[in-house]
């Protein structure tokens, strides 16, 4: 499983059955990929802070746009990290 697929699945299926084959594949990927593990940890903390917040509410459309922006930023970051890793392997 690749990071991009992991990010997409995590955001779209937070309520999925944790014993499904897809979730087991993601768990295996998370165990071996510190970038994705950090992403999931950050997402969990963001959700926890969001739930504790009693301030003004955000419209559903704004919330969806925010998560799309976060996902795009994470994908760009992961793509850059993967290019850096490939370059490092080539240069060795």
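The values are calculated or read from the model by the stated rules, or taken from the named source; none is laboratory data. Bear in mind the structure is a predicted one, so any value in this text is a computation, not a measurement. Note that each Cβ is placed from the backbone with ideal geometry, even for glycine, and that neighbours are counted across all protein chains shown.
The figures follow:
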item: Residues satisfying the stated conditions in segment 28-65, i.e. surrounded by 12 or more Cβ atoms within 10 Å (Cβ to Cβ), more than 11 Å from the chain's Cα centre (by Cα) and under 27 Å from residue 2 (Cβ atoms); result: 29, 33, 46, 63, 65
item: Selection within segment 6-42 - out of contact with any helix residue (DSSP H, G or I) (no Cβ under 7 Å at 6 or more places or on another chain), part of a helix (DSSP H, G or I) and at pLDDT below 75; result: 8, 12
